[in-house]
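*Asks:* Below: one structure in structure tokens.
The values are calculated or read from the model by the stated rules, or taken from the named source; none is laboratory data. All values reported here derive from a predicted model rather than from experimental measurement. Virtual Cβ from ideal backbone geometry, glycine too; neighbours counted across all protein chains shown. Side chains included, ligands, DNA and RNA excluded: accessible areas come from the protein's heavy atoms. Shrake-Rupley method; radii C 1.70, N 1.55, O 1.52, S 1.80 Å.
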Amino acid sequence: MSDWATLDLTAAAAAIADGRVSSVELTQACLARIEAWQPRTNAFIRLDRDAALATARDRDLERGAGRMRGKLHGVPLAHKDMFYRQGRVSTGGSAIRRDWIADRTATVNTRLDAAGAIDLGTLNMAEFAAGPTGHNIHFGDCCNPWDPARVTGGSSSGSAAAVAARMIFGALGSDTGGSIRMPAAICGVVGMKPTYGRVSRFGALPRSWSLDHVGPLTRSVADNARLLQVIAGADDDDAAASGQAVPDYEAMLDRPIAGLRLGVPQDAALDGVDSDVTAALAQARRDLQQIGVTFVDVRLPELGALFDSAETIIKCEAAAMHRPWLEARPQDYANQVRWRMEAGFLIPATQYIDALRLRTYHTQEFIAGTLDGIDALLLPTMPFATPTRAETDVERRPGATALAILSRFSRFTRPFNLLGLPALSLPCGRDANGLPIGLQLVGRPFAEATLYTIGHAYQQATDHHRQAPVLQMP
Amino acid sequence: MSRLEAGAPIRTVIDKFHIAATLWDSCPEEPRMEDKARLIADMADALQGIRLTPARAADLAAEVGRLNGAVRGAAADMLRFDDDPAAYAALLARSATS
């Protein structure tokens, strides 16, 4: 094998289990990719080279002794710099926490460790997970591996860039308004925002307690299913973590999809979506029809109403948690991060509570209305072709144009944070500039397995997920 | 006598906000943006200890006014007395499917 790092996560795990490759060799392959790609992408905030190699040696010794920890034994991963490890710095992409040492370990990290994963380091992200583009004034912008002049999407920018460039086999991100799905779409990888409560948030930096979702970014749907399998499930440390049984997602990937019904919104709901995106979605629809999926026209509710409730909740919760720092160290925030929260101080508590109460109403209506009679909904992840970092840089070049672009990023993602429904983004084409385009599948509560089954079948029939950026030397 | 009746003394800053908020909602003519911005600046200072520039107060007045109006309108149309925010988790669990 010329470059072990180009394997999928599941193939890499199988190669270790079979003894075809060692964890040390896989880790070294990833480190070589990181050395080559980091200058172009700035995907990593911290690289734990020595610790990762030491853990890899331990995993190889364990395997030699016949002890395999779990489904990720010896597989190198890295995660958005917001999943705490007790005793280690966790920056949250911020200046304020640049040197903050975590006092607990995130449940997801504990579960990944138990499954045998190697942790290579921490990945770039938007400051305090607030921002849809991948800009970061404290640690430097994360750059798209397909074209470093263009945004990665955010806030899980480093997660998407590192997986796309094959620096790691998979990564965790968080999604409060689209922060897993948007960068996944823009960088050409698979991103799952699971159902609210499917994955514990304990030990993950909060952005908005009511809307935060933790999920995986990977190269394939099968890889994603494996990672979600490991991290999902009830957690005594997170009261919002659901006790719903976790299905065997991988075992359900190959279920027949003939006869499954996908809803597509009527044309008016997609007004203003770029032609590159609508063309890619139309082709994906034809590809899915070829493999037996049936399409049904559905009516979307007014997404603006969902957006307004979500915005109200996120602003109030963020303002409450950031108040001490906003008062004492306002200069240590990027302007756009501080601006996003300030309105939360001026929204009455009654409005906040009503937004939370409306969440139930909207979710009930969506399940009973839009999702009635269908297995999932097909939407674009992003409504437009990937913009450049310069034209969306509201910090260095503030102005109405940049703000107008930013306001459109999460048009098709944020509503599903309010509803808490599972949503999977996967690559389905390229725009005129050669940047990936993503489609989004939205399902019923806890129906991640259905989304994976559809996505996996689509990836068996297409090769968009096999396309990777090429490193061009200056 | 109601505090909102003509001639009533404005005793506290909270009174002032009650009056302004009521006027904001019920005034037949849309209040001027500069009045909204001044109100937001006063609220930020008095209730949260935040000093805003006039320009920032104007931005926030627009943002907060829009969000509050949207949520208040939706709540009036859709919510009932017994609607409990915690019903959301129960709804997800009840609707679970694989």
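*Asks:* Only one residue in A:128, A:139 is in a loop (DSSP other than H, G, I, E, B) and over 19 Å from residue A:187 (Cα atoms), so which one is that? Can you show your working first?
*Replies:* Working: A:128 fails: in a loop (DSSP other than H, G, I, E, B).
Of the residues listed, the single one that is in a loop (DSSP other than H, G, I, E, B) and over 19 Å from residue A:187 (Cα atoms) is A:139.
*Asks:* For segment B:49-68, enumerate the residues that are at the interface with chain A (Cβ under 9 Å from one of its Cβ atoms), out of contact with any Ser or Thr (no Cβ under 7 Å at 6 or more places or on another chain), within 25 Å of residue A:357 (Cα to Cα) and open to solvent by less than 50 Å² (accessible area, probe 1.4 Å). Working first, answer last.
*Replies:* To start, the set of residues in segment B:49-68 that are at the interface with chain A (Cβ under 9 Å from one of its Cβ atoms) comprises B:49-50, B:52, B:56, B:59-61, B:63-64, B:66-68.
From the residues that got through so far, the ones that are out of contact with any Ser or Thr (no Cβ under 7 Å at 6 or more places or on another chain) too are B:49-50, B:52, B:56, B:59-61, B:63-64, B:66, B:68.
Among the residues that remain, those that are also within 25 Å of residue A:357 (Cα to Cα) are: B:60-61, B:63-64, B:66, B:68.
Result: B:60, B:61, B:63, B:64, B:68.
*Asks:* Would you check which residues across segment A:447-461 are open to solvent by 10 Å² or more (accessible area, probe 1.4 Å) and within 20 Å of residue A:233 (Cα to Cα) and list them?
*Replies:* Correct list: A:450 only.
*Asks:* Here are some conditions: (1) in a loop (DSSP other than H, G, I, E, B); (2) of a type in the set (A, V, I, L, M); (3) within 14 Å of another protein chain (Cβ to nearest Cβ). Residue A:451 meets all but one. Which one does it not meet?
*Replies:* (1)
*Asks:* If you don't mind, another one. Listed residues A:93, A:87, A:64, A:154; which is closer than 28 Å to residue A:385 by Cα and free of Cβ contacts under 8 Å to residues at least 40 places away in the same chain? Quick ask: steps written out before the conclusion?
*Replies:* Details: A:93 fails: free of Cβ contacts under 8 Å to residues at least 40 places away in the same chain; A:87 fails: closer than 28 Å to residue A:385 by Cα; A:64 fails: closer than 28 Å to residue A:385 by Cα.
Selected residue: A:154, the only one of A:93, A:87, A:64, A:154 that is closer than 28 Å to residue A:385 by Cα and free of Cβ contacts under 8 Å to residues at least 40 places away in the same chain.
*Asks:* Name, by its number, the condition in (1) in contact with a Lys or Arg (Cβ under 9 Å, 6 or more places away or on another chain); (2) facing another protein chain (nearest Cβ under 7 Å); (3) farther than 28 Å from residue A:368 by Cα that does not hold for residue B:43.
*Replies:* (1)
*Asks:* Okay, next question. Is it the case that residue A:273 is under 17 Å from residue A:383 (Cα atoms) and of a type in the set (A, V, I, L, M)?
*Replies:* Working: under 17 Å from residue A:383 (Cα atoms): yes; of a type in the set (A, V, I, L, M): yes.
So residue A:273 passes the test.
*Asks:* Between a first residue in segment A:282-295 that is outside any strand (DSSP E or B) and a second residue that is open to solvent by 40 Å² or more (accessible area, probe 1.4 Å) and not basic (Lys, Arg), which pairs have beta carbons less than 6 Å apart while being 6 or more apart in sequence or on different chains?
*Replies:* Here the result reads A:287/A:461; A:291/A:461; A:292/A:258, each pair linking segment A:282-295 to a residue that is open to solvent by 40 Å² or more (accessible area, probe 1.4 Å) and not basic (Lys, Arg).
*Asks:* What about residue A:284, is it under 23 Å from the mean Cα position of the chain (by Cα) and within 14 Å of another protein chain (Cβ to nearest Cβ)?
*Replies:* On the way: under 23 Å from the mean Cα position of the chain (by Cα): yes; within 14 Å of another protein chain (Cβ to nearest Cβ): no.
Considered against the rule, which asks whether it is under 23 Å from the mean Cα position of the chain (by Cα) and within 14 Å of another protein chain (Cβ to nearest Cβ), residue A:284 comes out as no.
*Asks:* Being at the interface with another protein chain (Cβ under 10 Å from one of its Cβ atoms) and surrounded by fewer than 24 Cβ atoms within 10 Å (Cβ to Cβ) is the filter here; which residues of segment A:421-446 pass it?
*Replies:* Correct list: A:444 only.
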